[in-house]
Amino acid sequence: MKTTQKVEYTLLHVEDSLDLQELVRRILRSRPSINVLNASTVKEGVNLARHNLPDLILMDINLPDSTGMDALKKIQTCKETTSIPVVALSSLV
């Protein structure tokens with residue numbers, strides 16, 4: 001017997017550009033099993049990561065209050081978030 005079980009994943013997108021936040025939301029809209037959280041600053045992103053323990057973090061490099069590398073260091077030093085994969089995603093050209 002086949003059971004239908006909804007698998008849900010949480011993705012944290014740390015990005016200060018509202019246009020890029022919307023682009024990621026649109027891309028993932030066809031995947032209702034992915035819950036997208038957005039943060040616009042390092043501080044907000046680190047707090048959301050610690051409280052929500054997302055399955056994956058998409059991290060911008062340049063953020064208004066610090067850098068994505070600083071956020072990565074903070075995430076990796078916290079016992080609860082150290083194993084969360086972080087992918088750099090930036091619009092830098």
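Estimated purely from DSSP H runs of n ≥ 4, each contributing -39500 (n - 2.57), the mean residue ellipticity at 222 nm for the chain is -10500 deg cm²/dmol once divided by its residues. By DSSP, the beta bridges lying fully in the chain are antiparallel in about 5 percent of cases. Overall, the chain carries a charge dipole of about 460 debye about its Cα centre when +1 sits on the Cβ of Lys and Arg and -1 on the Cβ of Asp and Glu, all other atoms neutral.
With a/c under 1.5 counting as rounded, go ahead and sort the stretch 9-88 into rounded, prolate or oblate using the C-alpha gyration tensor (a ≥ b ≥ c being the square roots of the eigenvalues; past the cut-off, prolate if a/b is larger than b/c, else oblate). The shape class here is oblate.
Annotation: amide H-H contacts under 5 Å for T81 (H modelled 1.01 Å from N, sequence separation of 5 or more, or interchain): none.
Throughout, read-outs are computed from the coordinates displayed, never taken from laboratory work. Being a predicted model, the structure only gives us computed values, none of them experimental. All Cβ positions, even for glycine, are placed from backbone atoms using ideal geometry, and neighbour counts span all protein chains on display.
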